[in-house]
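Nothing in this text is a laboratory measurement; each read-out follows from the coordinates by a stated rule. The model shown is predicted, which means the values in this text are computed figures rather than measured ones. So basically every Cβ, Gly included, is an ideal-geometry build from the backbone, and we count neighbours across all protein chains shown.
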Amino acid sequence: MRQLLCSVLAGALTVLASCEKRHADTTGLVKLTNQVYAMIATGPTAGEGLGANSGFVVGRDAVLVVDGRYTPALANDLLRAIRSVTSAPIAYVVNTHYHPDHVWGNMVFKEQGAVIMACPGTREAITKYSPVYLEYYKERSKDSYEMLKDIKIAPPDTTVADGQEIDLGGIKVVLRCVGPAHTAGDCVVIVPKGKIIFMGGLLSNGYHLNLGDPGADFDNWVAALDRLDRMDISDVVPGQGTVCGREAFEIAKTYIVTLRRECEQDIRRMVPFEQAASSIVIPGAKAYLQSNILPFNVQAVYRRAIPGIVRPDFTYDMPADFQIADGGGDAKIGFIRWTVALKAGSLEIETRWNPTARREVIPQDIAEAVAQYVEAGKSEMDIEGSTRIDIGGEKAVASYGTWNYRLETMLPGGGTWTWAFVIRGGKLYSIRLATDVRFNHAAEEETMAYLKKVAATFRVTPRAS
């Protein structure tokens with residue numbers, strides 16, 4: 001079925017594989033009109049700004065910059081480009097959203113006296129997430145961190161009102177707040193005089209869109225693109241990739257709609273996330289840059305769609321730091337897996353359910369489930385014994401032991417597990433708890449005790465038929 005769907009879509013979307021060739025393959029400083037310029041990233045690497053574009057609008061009295069770029073070095077490149085065109089003061093920087101590749105160069109323009117502006121939500125997100133991103137680079141990407149270590153975060157000074165106009169002297173700019181879409185605080189910058197729009201992360205040309213932000217709203221994203229598509233626009237400056245035309249709106253909508261449809265079908269079929277991430281095809285997107293974003297997008301859609309599709313009839317008092325990592329099926333037969341990342345490892349709670357006519361669970365049931373899990377998965381599990389643990393006020397039959405990844409996977413990790421079964425209202429619920437704390441015995445005991453406390457809050461909440 002998937003092959004047939006992709007074949008049909010591929011024919012329909014041949015013209016949508018990439019934007020129409022406007023300023024074909026032109027990177028660096030691109031002159032759109034005598035007053036409007038785009039700064040098109042040369043590529044997707046960190047040194048090239050992760051592919052993120054920026055630009056500026058030149059008025060008689062002032063300059064407005066669209067996005068501050070990723071690093072101080074890249075921001076200074078943009079500053080030099082501006083000064084090659086005009087000596088007018090740089091009065092404004094508009095951040096289209098909070099992602100680091102668009103805002104971490106703000107400091108360079110702040111030093112020039114610019115007022116930094118953004119739609120509601122962006123300032124808060126920059127302040128909240130920038131330290132997290134910087135810590136990630138420090139721990140995981142030393143080369144990138146060398147370019148970023150001297151950054152001084154410069155969040156927006158003022159909040160944009162939707163439809164706000166800025167007169168730069170002889171040319172006006174219109175700012176529209178369209179989020180939540182790509183992020184909670186998306187802003188697009190429109191130059192009516194040149195029929196030009198700077199789109200930020202709402203669309204890309206030859207790059208994968210990024211659907212993974214916590215503040216994203218897929219339905220509103222598509223609706224925003226529909227509204228923008230009805231405007232009188234000629235040149236579109238995408239968040240990544242070269243300048244193109246209005247066909248970009250349809251490309252972005254098709255990407256989002258197709259990915260969601262494919263993911264939702266796989267969730268219903270109980271296709272595990274990892275399998276879906278390696279098999280889902282977006283027609284026309286095979287050659288897009290930053291292909292590592294596609295699995296990230298699949299997981300984002302899975303995470304959002306699973307609860308509404310599987311409709312679980314149970315709840316936990318789940319801590320806020322646990323996130324849905326996988327799931328599938330429906331209210332009758334299905335599963336959900338929650339995980340939380342630790343500095344060294346992770347914790348996991350997985351619950352499966354299916355109808356049963358049985359009234360009692362025995363340890364052998366769990367032993368058979370463990371054997372099936374090991375056969376189908378990437379890990380080895382040793383059963384060390386049986387016990388009973390609290391599952392929603394019931395002392396449920398459980399087994400426990402240790403696990404580690406199989407040698408052929410070349411993956412680090414291992415820890416302890418506890419697996420319990422309970423029968424409620426004609427359903428068998430399988431509750432698997434697992435720690436991955438790199439064989440730190442003290443941490444294993446502490447984290448497993450924590451998981452058991454969460455499991456104890458399990459309760460069935462039957463839905464009305």
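Some points to look at:
- Simple spin-label estimate for D226 and F296 in nanometres, 7 Å along Cα-Cβ: 2.8
- Taking the C-alpha atoms of the stretch 212-371, convex hull volume expressed per residue in Å³: 163
- Here's the picture: a label point sits 7 Å out from the Cα of D390 along the beta-carbon direction, and within the stretch 431-456 the residues with their amide nitrogen under 15 Å of it are 449-456.
- Stretch gain in nm, segment S234-N440, where the contour uses 0.36 nm per residue and the Cα spacing is subtracted: 68.2 nm
- Lysines whose Cα lies under 28 Å from that of K138, excluding same-chain neighbours fewer than 8 positions away: K110, K128, K149, K152, K343
- Relative to its residue count, the stretch 411-465 spans a Cα convex hull of 94 Å³ per residue.
- Reach of K193 by Cα under 25 Å, taken over lysines that are not fewer than 8 positions away in the same chain: K21, K31, K172
- In terms of overall dimensions, the C-alpha atoms belonging to the stretch 238-288 reach 40, 17, 16 Å along their principal axes, ordered largest to smallest.
- In the stretch 167-235, trypsin sites (Lys or Arg not before Pro) in a DSSP loop with at most 12 other beta-carbon atoms within 10 Å: R230
- Reference-scaled alpha-carbon Rg (2.2 N^0.38 Å with N residues) for the stretch 2-260: 0.96
- Farthest positive-ward along the stretch 307-361 dipole, Cα basis, beta-carbon charges - from G329, T315, A344: G329
- For Cα extents along the principal axes in Å, calculated from these coordinates, the label among [x] 103, 64, 48; [y] 83, 56, 41; [z] 81, 49, 43: [z]
- Projected label points at E124 and E48, each 7 Å from Cα along the beta carbon direction, are separated by 3.6 nanometres.
- Reachable lysines from K427, criterion Cα separation under 20 angstrom, eight or more residues apart if same chain: K332, K395
- The fraction of Cα-Cα pairs per 5 angstrom bin, counted from 0 for the stretch 52-189, comes to 2, 11, 21, 23, 20, 13, 7, 3, 1, 0 percent, rounded to whole percents.
- Alpha-carbon centroid distance for the pair the stretch 367-437 / the stretch 258-272, whole angstrom: 26
- Simple Cβ-charge dipole of the stretch 194-238, Lys/Arg +1 and Asp/Glu -1, about Cα centre, in debye nearest 20: 140
- Computed 3J(HN,Hα) for the stretch 414-431, one whole-Hz value per residue from the Karplus formula 6.51 cos²θ - 1.76 cosθ + 1.60 where θ = phi - 60°, is x, x, 10, 9, 9, 10, 10, 10, 9, 10, 9, x, x, 10, 9, 10, 9, 10, glycine and proline marked x.
- Loop-resident trypsin sites (Lys or Arg not before Pro) (DSSP state other than H, G, I, E or B) in the stretch 316-352 with no more than 16 further Cβ atoms inside 10 Å of their Cβ: K332, K343.
- Distance between the 7 Å Cα→Cβ label points at D162 and D150: 4.1 nm.
- Efficiency of FRET from Cβ geometry, D25 and T461, R₀ 51 Å, rounded to 0.05: 0.35
- Pair-distance distribution P(r) for the stretch 311-460, from all Cα-Cα distances in 10 Å bins starting at 0: 11, 43, 38, 8, 0 percent.
- Less than 5 angstrom separates the built amide H of I90 from those of V63, all sequence-distant by 5 or more or on a different chain.
- Shown here for the stretch 36-131: trypsin sites (Lys or Arg not before Pro) in loop regions (DSSP other than H, G, I, E, B) with at most 15 other Cβ atoms within 10 Å, namely R60.
- Rounded Å value of the spacing that divides the Cα centres of the stretch 93-142 and the stretch 199-240: 20
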